[in-house]
Structures are given as structure tokens and as C-alpha cells.
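A.B. asks: Following this message is one structure expressed as C-alpha cells.
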Amino acid sequence: MHKPVDVFNFNIPIFSEIGKKSFLLACGSMNHHNCMTVGWAGLGYLWRKPMVFIYVRPQRYTYQFMEQYDYFSLNFFSDLFADILQLCGTKSGREINKMNIPGLTVKEIAGQTIYYNEAHTAIICKKVYYDDLKAEHFLEKSFLNLYPSNDFHRIYYGEVLKILQNNP
Ligand SMILES: Cc1cc2nc3c(=O)[nH]c(=O)nc-3n(C[C@H](O)[C@H](O)[C@H](O)COP(=O)(O)O)c2cc1C
């Protein structure tokens with residue numbers, strides 16, 4: 001069962017969880033939500049708040065949810081869930097029903113967002129700011145090779161409201 005942990009003493013190997021592995025970004029309500037695998041993100045401190053930075057390309061189905069809803073969650077899993085992360089990172093919610101993924105149990109924080117019962121850690125966030133990456137702002141021009149279609153990410157800044165962990 002998930003328990004809330006102290007945000008300021010929360011402890012997971014973050015560059016391993018984000019950089020070497022990946023996680024699920026989920027957004028929406030119990031009856032209308034979607035998720036996708038994410039590999040680029042940041043956690044930090046801004047405007048006197050613990051903050052998450054998440055990068056979503058506009059063609060993602062999840063983008064529509066991120067635009068519509070005020071809250072979202074980051075869901076971190078053990079390696080046993082690699083197949084699910086692979087699925088959610090290669091198939092769109094436009095093609096498969098991501099509200100009913102075998103092996104994932106959806107939980108809702110009423111009025112905010114959903115997260116997954118199987119996640120070892122779920123970070124619940126409230127959108128507070130967004131911005132779009134711009135070609136002319138890239139000082140390292142080689143990174144522009146990652147955007148052959150000019151589909152620059154929208155960055156969502158999410159204030160961390162709660163961190164839930166299984167067996168903390
Ligand atoms: C390991 C991995 C990391 C990914 N990271 C991101 C990311 O940070 N931002 C993004 O927009 N897409 C990312 N993607 C791509 C989306 O997960 C993928 O396009 C997904 O099918 C989108 O689903 P949706 O259309 O249901 O939103 C990643 C995919 C994988 C496999």
C-alpha cells in the first residue's frame with residue numbers, strides 16, 4: 001500500500017530512474033486518462049517549491065490530457081514492468097486503450113489525477129507553468145538533430161504536492 005513520504009527526505013536514485021530507466025507520466029481522471037513513457041525529465045527546486053520538469057512533444061495523445069487537466073503524476077516501477085513501459089512508449093493511447101493496461105491498477109486522487117498501484121513511487125504534481133523549447137535558444141546545435149520535424153517539446157513545470165511510496 002502506498003504511503004505519503006516526506007518530500008524533502010524522499011530518496012530514490014533519480015538519475016538511474018530517469019536517465020537509465022524510464023517512467024510513466026499519467027494524466028486525467030478515473031474515466032478519462034492516458035499515460036506515456038518518459039525518459040527526459042528533471043526534479044528540482046524553483047519558486048520556493050519542490051518542482052518537476054517534464055517534456056512532452058505536441059503530437060503525443062498525452063499532450064491533450066496535459067493541456068486539459070491541472071494535475072499529473074510520475075510513476076516509477078521496478079524492472080519487472082519493463083514490458084509495460086515499452087508498450088506505453090511505443091503505442092499511443094489513440095491506438096490502444098491505455099485506461100486498461102493489463103498489469104496496471106489505476107488509483108485516483110479525487111479532483112486531481114490518477115496514478116498506478118504497482119508504482120513503487122508516484123509523484124503527484126500540479127501544473128504551475130509551461131513553455132515551449134525554441135530552435136533559436138539551443139546553444140548546443142547538435143541537439144536540434146533530435147527534432148527533425150521541429151516538434152519541440154512543451155515543458156510542464158509541476159509543483160510536487162505529494163510523493164507516495166510502496167513499503168517506504
Ligand atoms: C524510453 C522512452 C522515453 C520516452 N520519453 C519521452 C519524453 O520524454 N517525451 C515525449 O514526448 N515522448 C517520450 N517518449 C515517446 C512516448 O512515450 C511515445 O510516443 C508514446 O507512444 C506516446 O503515447 P501517447 O500518444 O499515448 O501519449 C518516450 C518513449 C520511450 C520508449
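A.B. asks: Can you tell me which aspartates and glutamates have their Cα less than 14 Å from the Cα of Lys20? Leave out same-chain residues fewer than eight positions away.
C.D. replies: Once the sequence-local aspartates and glutamates are set aside, what remains near Lys20 is Asp79.
A.B. asks: Take every Cα-Cα distance within segment 68-144, group them into 10 Å bins from 0 onward, and report for each bin the whole-number percent of pairs it holds.
C.D. replies: Binned Cα distances yield the sequence 15, 36, 31, 17, 2.
A.B. asks: Quick one: grab Rg to one decimal and Dmax as a whole number for the chain, Cα atoms only, in Å.
C.D. replies: In order Rg, Dmax, the Cα atoms of the chain give 15.4, 47 Å.
A.B. asks: When Lys and Arg each count +1 and Asp and Glu each count -1, what net charge do the other residues less than 15 Å away from Gln112, Cβ to Cβ, add up to?
C.D. replies: My count for the surroundings of Gln112 gives +1.
A.B. asks: Return a whole-number percent for the relative contact order of segment 2-166, with Cα pairs under 8 Å and 6 or more residues apart as the contact set.
C.D. replies: Computed value for segment 2-166: 31 percent relative contact order.
A.B. asks: First select every other residue whose beta carbon is under 12 angstrom from the beta carbon of Gly89; then total the charges, Lys and Arg +1, Asp and Glu -1.
C.D. replies: +3
A.B. asks: List Phe8, Phe53 from most exposed to least, where exposure is judged by having the fewest other Cβ atoms within 10 Å.
C.D. replies: Lowest count first: Phe8, Phe53.
A.B. asks: How much mean residue ellipticity at 222 nm does the chain get from its helices, if each DSSP H run of length 4 or more adds -39500 (n - 2.57) and you divide by all residues, to the nearest 500 deg cm²/dmol?
C.D. replies: Rounded to the nearest 500, it is -3000 deg cm²/dmol.
A.B. asks: From the cross-link list Lys98/Lys134; Lys49/Lys127; Lys91/Lys126; Lys3/Lys107; Lys91/Lys134; Lys49/Lys126, which pairs have alpha carbons spaced over 20 Å apart?
C.D. replies: Beyond 20 Å: Lys98/Lys134; Lys91/Lys126; Lys91/Lys134.
A.B. asks: Continuing with this model, one more query. Evaluate the relative contact order of segment 94-168 (contact order divided by residue number), counting alpha-carbon pairs under 8 angstrom at least 6 apart; express in whole percent.
C.D. replies: The normalised contact order for segment 94-168 reaches 35 percent.
A.B. asks: I've got another one for you. By count of other Cβ within 10 Å, fewest leading, how are Val7, Val52, Val106 ordered?
C.D. replies: Final ranking by Cβ density, sparse to dense: Val7, Val106, Val52.
A.B. asks: While we're looking at this one, here's another question. What percent does the relative contact order of segment 29-75 come to when contacts are Cα pairs within less than 8 Å and at least six residues apart?
C.D. replies: 29 percent
A.B. asks: Take the alpha carbon atoms of segment 1-61, find their radius of gyration, then divide it by 2.2 N^0.38 Å using N residues; give the quotient.
C.D. replies: 1.29
A.B. asks: Of Lys107, Lys141, Lys21, which has the largest mean-square fluctuation in a 10 Å C-alpha GNM of the chain?
C.D. replies: So, out of Lys107, Lys141, Lys21, the one fluctuating most is Lys141.
Here, each number is a calculation from the coordinates, and none is a lab measurement. No experiment lies behind these values; they were computed from the predicted model shown. So basically every Cβ, Gly included, is an ideal-geometry build from the backbone, and we count neighbours across all protein chains shown.
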